[in-house]
Amino acid sequence: QITLGRATKDNQIDVDLALEGPAWKISRKQGVIKLKNNGDFFIANEGRRPIYIDGRPVLSGNKWKLNNNSVVEVG
């Protein structure tokens with residue numbers, strides 16, 4: 001699994017999105033991408049703000065299947 005978010009000294013993240021823009025818009029743990037046994041990738045939104053997959057919002061607490069060449073937008 002790969003964790004997306006905002007790294008702090010107490011919170012290590014695989015992909016630190018704070019380096020890409022305004023850090024206050026990113027949760028410390030914004031989302032997690034997981035590989036299922038069947039080979040599908042899913043992203044779970046664990047932050048407060050929506051994550052957009054191919055222009056569709058994935059709200060906090062929900063997950064979405066990622067397709068080949070999906071565009072993921074955060075913050």
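Determine the sum of side-chain charges near PHE42: Lys and Arg each +1, Asp and Glu each -1, restricted to other residues whose C-beta is under 11 angstrom from that of PHE42. Walk me through the numbers before you get to the answer.
Values: positive: LYS34, LYS36, LYS63, LYS65; negative: ASP40.
The answer is +3.
Annotation: amide H of GLY47 within the under-5 Å range of GLY61, sequence separation 5 or more or interchain, hydrogens built in the peptide plane.
The slack between THR8 and SER70, meaning 0.36 nm per residue of separation minus the straight C-alpha distance, is 19.5 nm. Relative intensity of the chain on a log10 scale, I(q)/I(0) at q = 0.17, 0.18, 0.22, 0.26 Å⁻¹, equals -0.59, -0.66, -0.96, -1.26, per a Debye sum over C-alpha point scatterers of equal strength in the absence of solvent. For segment 25-36, 3J(HN,Hα) computed residue by residue from phi via the Karplus equation (6.51, -1.76, 1.60; θ = phi - 60°) reads 8, 10, 6, 4, 10, 6, x, 9, 9, 10, 9, 7 Hz, glycine and proline entered as x.
Readers should treat all values here as calculations from the given coordinates under stated rules, not as data from a laboratory. Computed from a predicted structure; not experimentally measured. Don't worry about glycine lacking a Cβ; one is built from the backbone with ideal geometry, like all the others, and counts go over all protein chains shown.
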